[in-house]
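To start, the structure itself, in structure tokens.
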Amino acid sequence: MATAVRSPDAELLRRLRERERGAWEELYAEYQPRLRAFGYRLAGNVHDADDLVQETFVRAVPRLDQLDPDTADIGAYLFTTLRNLFLKQVERTKRQEPVAEVPEPVLPTPIEDDPERGTMLRRQQDEVRLANARLQPRQRLVLALRELEDRSYAEIGEIVGMKENAVAQLIFRARESLRTELRLVQVDPERLPEECRRYLPLLAAHLDGQLKGPRLEETLGHLDACERCQAALADMREASRRYRTVLLPLGLEADEARAAVEQRLDAAGYWAAGRRGGATARRSKRIGVALAVAVVLGGGGAALGVAVSREPARADAQATSDSIPSATTTSRATTNGPPPQTAPETSPPAPKPKTQATTGVQPTVPPTSPAQKPATEPAVTAPKPAPKPEAKPTPTPEPKQTTPKKPPPDTTAPIVTITGAPGQSTSTDAAEIRFRASEDGVAFTCTLDGAVFEPCASPIALAGLAAGQHTFSVLATDEAGNVGKPASATWTYTPPDTTPPTVTIGAGPAPSTIETDATFTFSAGEDGVAFECSLDGGAWSSCSSPASYSPLGLGGHTFAVRGTDHAGNTGQPASYTWTVVQPLPDLVVSALAQLSATVTNRGTAAAGRSVLTITLVGTFNVPSLAPGASVTFSWSVCRVGTYTAIVDRTQAVAESDETNNTTSRRNTCS
């Protein structure tokens with residue numbers, strides 16, 4: 001049959017609502033191969049895959065009338081329906097991993113011509129099928145949507161009912177399991193450095209083209225410098241390549257499979273009575289003929305018998321349940337005989353007792369030659385019991401099957417506990433956070449200071465933190481998609497103090513003094529500073545303000561002080577220099593009157609003899625004067641005019657101050 005041209009979803013939905021056969025054929029041609037490959041990856045065998053595909057079309061096609069053509073995504077709707085059917089089947093039957101039988105692939109002729117290459121390819125395909133079968137059902141689900149349909153994480157999340165981050169974690173875990181099963185793990189992930197383990201989920205997202213922006217640049221930067229992660233990415237690519245190249249074994253022919261779906265849609269009243277064409281009737285008749293021939297000649301074996309014997313129960317259950325029947329219309333056919341089809345639900349029950357499958361015993365049928373095939377279709381449509389009394393086996397009661405109790409859905413969210421975090425205050429810009437969940441198999445996502453939650457693993461190392469308060473939060477999502485409450489840790493990073501204190505000297509002696517003791521006051525620009533002092537370059541010793549020194553010798557002196565804060569920072573010392581001088585006399589004219597003058601020694605040393613000169617009066621000899629001593633000179637005649645009195649030491653000893661030994665007075669002698 002020629003491949004139908006794909007129509008836009010809106011147009012296709014409109015034509016399906018009008019029950020146009022061409023639209024149905026386009027829909028089937030477009031989605032049947034994709035759904036079959038998808039179902040095969042989920043179920044693990046071609047027969048269950050065909051059952052899932054047929055049931056998907058039967059359930060979904062009538063409901064397409066309810067979709068809005070302007071916004072509908074037919075592909076997403078069909079894949080979601082198949083996904084629901086598969087999960088219901090898993091919950092009901094608790095099917096064991098299909099590792100006993102692996103369907104043989106039909107290889108291209110060039111491979112078959114090379115036995116060695118064919119054997120290697122078949123072995124590799126078997127390994128991939130077994131590895132896929134050992135994955136958890138939800139892992140198989142998201143991996144098939146990603147690898148076969150090339151769906152984005154957001155689209156997969158909409159189909160499977162999970163958040164995008166949970167989808168990313170589930171795909172990563174599926175790939176890790178697949179790599180392990182295929183022996184493609186060159187380095188044990190548990191032995192990788194923490195940084196590399198943190199990047200493994202990002203490498204999986206990078207392989208799918210789901211990383212963007214700074215996270216992509218960061219991942220590429222790490223990948224360029226890390227050979228381990230380069231090897232891990234190469235393993236992921238190889239596992240993906242092998243997964244995509246597994247061939248799907250042959251099942252029903254496309255026309256026959258489509259006809260089986262059409263027949264079930266007919267039985268459900270999907271096609272309008274007046275729109276049933278002759279082609280449908282002919283297809284139904286052909287299916288009936290094939291079914292009757294298979295029953296009479298034994299084609300299809302016990303699998304066909306099970307399908308026929310259980311059909312009434314399946315027809316009743318279909319009206320009230322969304323779960324997958326244990327045997328649907330595409331039964332377990334072999335690729336060498338005509339594919340058996342389930343009789344229409346409106347077929348008469350007469351042929352049903354003619355099979356031996358209802359007793360659970362397999363009849364022994366000799367090889368069928370062309371001469372044994374029925375000559376005409378009428379002979380098949382009205383079959384008579386085959387005269388084989390000698391080969392009829394003793395009926396054996398079919399063992400009673402116990403339906404396992406359906407476990408309640410997992411609605412309990414995991415609880416995350418932070419087991420290691422910094423204290424309330426820290427002086428380092430790095431931190432290590434450790435955490436765990438109350439159940440296994442959860443996916444963690446973390447955030448720092450309100451950023452977007454991203455995949456993470458415990459322990460997580462943080463570095464290059466800014467000064468101030470920080471809050472780290474972690475979420476856990478279990479395999480059922482339940483998201484727990486976040487656990488958080490808050491701390492404050494205070495950078496270490498690297499600024500030394502500044503010390504200031506407040507008071508000290510005069511720059512030049514005869515005082516032989518000195519007192520200094522000083523302070524720093526911050527509290528808690530420890531001071532050390534040094535005099536004239538001596539050793540530093542602890543001190544506090546004020547600091548005093550006595551006695552001091554004549555000459556120059558230097559006082560220095562420095563401070564050390566709590567962080568151990570020591571500042572530059574502050575210093576003060578002054579000079580202690582020898583005491584000297586200081587002769588001054590302390591009093592000058594009309595008829596007298598007084599000379600006083602205000603210095604700190606005794607003054608030798610000196611001379612007092614008074615203009616208009618004359619000169620007087622001043623005897624030696626002790627410090628603080630005075631002598632007065634007088635005369636009897638007043639002179640009108642200005643008196644200028646000057647006292648002058650001899651040149652033997654200098655005075656401490658020779659600028660104050662002159663004074664003047666204006667006399668009127670009145």
Q. Across bins of 5 angstrom width beginning at 0, how are the C-alpha pair distances of region 475-598 distributed, in whole percent?
A. 2, 9, 14, 12, 9, 7, 6, 5, 5, 5, 5, 4, 3, 3, 2, 2, 1, 1, 1, 1, 1, 0, 0, 0, 0
Q.
For Ala530, project a label point 7 Å along Cα to C-beta. Then give me every residue of region 543-564 with its amide nitrogen under 11 Å of that point.
A. 543, 564
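What is the local net charge at Thr570, summed over the other residues whose Cβ is closer than 9 Å to its Cβ (Lys, Arg +1; Asp, Glu -1)?
Numbers: positive: Arg562; negative: Glu532, Asp565.
Net of charged neighbours comes to -1.
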Q: Would you grab the residues whose amide H sits under 5 Å from the one on Val622? Only those 5+ places off in sequence or on another chain, please, with H modelled 1.01 Å from N.
A: Ser610, Val611, Leu612
**Q.** Karplus (6.51, -1.76, 1.60) ³J(HN,Hα), θ = phi - 60°, over region 408-419, in Hz, Gly and Pro reported as x
**A.** x, x, 7, 10, 8, 7, x, 9, 9, 10, 8, 9
Q. Under a point spin-label approximation (7 Å from Cα along Cα-to-Cβ), what is the Gln469-Glu432 distance to one decimal in nm?
A. 2.7 nm
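Tell me whether region 397-533 comes out rounded, prolate or oblate; compute the Cα gyration tensor, take square roots of the eigenvalues as a ≥ b ≥ c, and use a/c under 1.5 as the rounded threshold. Before the final figure, lay out the partial values.
Working: a/c = 6.98, a/b = 5.96, b/c = 1.17.
Note, shape of region 397-533 comes out prolate.
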Q | Loop-located trypsin sites (Lys or Arg not before Pro) in region 38-72 whose Cβ has at most 15 other Cβ within 10 Å (DSSP) | A | none
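Nothing charged except the Cβ atoms of Lys and Arg (+1) and of Asp and Glu (-1): what's the magnitude of the dipole of region 433-578 about its Cα centre? Round to the nearest 20 debye.
60 debye
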Q.
Expected output is a single nm value to one decimal: the length gained when fully extending between Val637 and Ser548, i.e. 0.36 nm times separation in residues minus the C-alpha distance. What is it?
A. 26.4 nm
Q. Taking the Cα centre of region 611-670 as origin and charging only Cβ (+1 Lys, Arg; -1 Asp, Glu), how large is the dipole, in debye to the nearest 20?
A. 320 debye
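Among residues other than Asp497 whose Cβ falls under 13 Å from its Cβ, what is the net charge (Lys/Arg +1, Asp/Glu -1)?
Values: positive: none; negative: Glu526, Asp527, Asp565.
Result for the neighbourhood of Asp497: -3.
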(Q) When only alpha-carbon atoms are used, what values of Rg and Dmax, in angstrom, describe region 467-515? (A) 28.8, 93
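On a full-extension model of 0.36 nm per residue, what is the gain between Arg241 and Asp126, subtracting their alpha-carbon distance, rounded to one decimal in nm?
Details: separation 115, 0.36 × 115 = 41.40 nm, distance 1.44 nm.
Length gained, Arg241 through Asp126: 40.0 nm.
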Q: Would you mind getting the accessible area per residue of region 413-468, heavy atoms of the protein chains only, 1.4 Å probe, in Å²?
A: 52 Å²
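Run the accessible area of region 478-587 with a 1.4 Å probe and give the carbon-and-sulfur part as a rounded percent. Intermediate results must be reported in sequence, preceding the final value.
Numbers: 2950 of 5800 Å².
For region 478-587, the apolar C and S fraction of the accessible surface comes to 51 percent.
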Q. Where does each of 160-167, 637-644 land if you order them by average Cβ count within 10 Å, highest first?
A. 160-167, 637-644
Q: DSSP loop (so not H, G, I, E, B), at most 10 other Cβ within 10 Å: list which chymotrypsin sites (Phe, Trp or Tyr not before Pro) in region 4-65 pass both filters.
A: none
(Q) Can you compute the modelled spin-label distance between Glu20 and Thr71, with each label point 7 Å from Cα toward Cβ, in nm? (A) 2.5 nm
Q: Just subtract the alpha-carbon distance of Thr604 and Thr662 from 0.36 nm times their residue separation and send over the number in nm, one decimal.
A: 18.9 nm
Q. Once a ≥ b ≥ c are taken as the square roots of the eigenvalues of the Cα gyration tensor of region 122-232, is the result rounded (a/c under 1.5), prolate (a/b larger than b/c) or oblate (a/b not larger than b/c)?
A. oblate
Q. How far apart, in nm, are the 7 Å Cα→Cβ label points at Leu616 and Ala451?
A. 9.8 nm
Q: Would you kindly give the portion of the calculated P(r) for region 565-670 that falls above 16 Å, as a percent of all Cα pairs?
A: 62 percent
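The values are calculated or read from the model by the stated rules, or taken from the named source; none is laboratory data. In this text the structure is predicted, and so the values were computed from the model without any measurement. When we count neighbours, we look across all protein chains shown, and the Cβ atoms used for this are built from the backbone with ideal geometry, even at glycine. The protein model used for the area step is the full one, side chains on, heavy atoms only, and it has no ligands, DNA or RNA in it. Shrake-Rupley method; radii C 1.70, N 1.55, O 1.52, S 1.80 Å.
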